[in-house]
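Visitor: Take this structure, written in structure tokens, and hold onto it; I'll ask about it next.
The values are calculated or read from the model by the stated rules, or taken from the named source; none is laboratory data. Remember, it's a predicted structure, so these values are computed and weren't measured experimentally. All Cβ positions, even for glycine, are placed from backbone atoms using ideal geometry, and neighbour counts span all protein chains on display.
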């Protein structure tokens, strides 16, 4: 599995919103939280469940994320 650094600044959203997405991914079992023993810094790792997404073509993932964003936006505006 590839590793990437992800932070709130990449997405230009409020930190609380970003943390909400992270919490949802942890709850869904797509990522798992761990704390590095040497630094005490909290990190997240991919899970086996997340490897399902890595098999999909990028255009399918983008289409899914765009659709999810539309659904979230509609639900937030209610």
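Visitor: Restricting region 12-25 to residues that are in a loop (DSSP other than H, G, I, E, B) and surrounded by 10 or more Cβ atoms within 10 Å (Cβ to Cβ), which is modelled with the lowest pLDDT?
Guide: 13
Visitor: Scanning for something on the phi > 0 side of the Ramachandran plot, in contact (Cβ under 8 Å) with a residue 12 or more places away in the chain and part of a loop (DSSP other than H, G, I, E, B), does region 26-39 turn up at least one residue?
Guide: Within region 26-39, one or more residues are on the phi > 0 side of the Ramachandran plot, in contact (Cβ under 8 Å) with a residue 12 or more places away in the chain and part of a loop (DSSP other than H, G, I, E, B).
Visitor: Looking only at region 40-55, how many residues end up being surrounded by 11 or more Cβ atoms within 10 Å (Cβ to Cβ), at pLDDT below 85 and part of a loop (DSSP other than H, G, I, E, B)?
Guide: Within region 40-55, residues that are surrounded by 11 or more Cβ atoms within 10 Å (Cβ to Cβ), at pLDDT below 85 and part of a loop (DSSP other than H, G, I, E, B) number 2.
Visitor: Now a separate question. Output the residues belonging to region 56-78 that are part of a loop (DSSP other than H, G, I, E, B) and either under 17 Å from residue 6 (Cα atoms) or at pLDDT below 80 (or both).
Guide: 56, 77, 78
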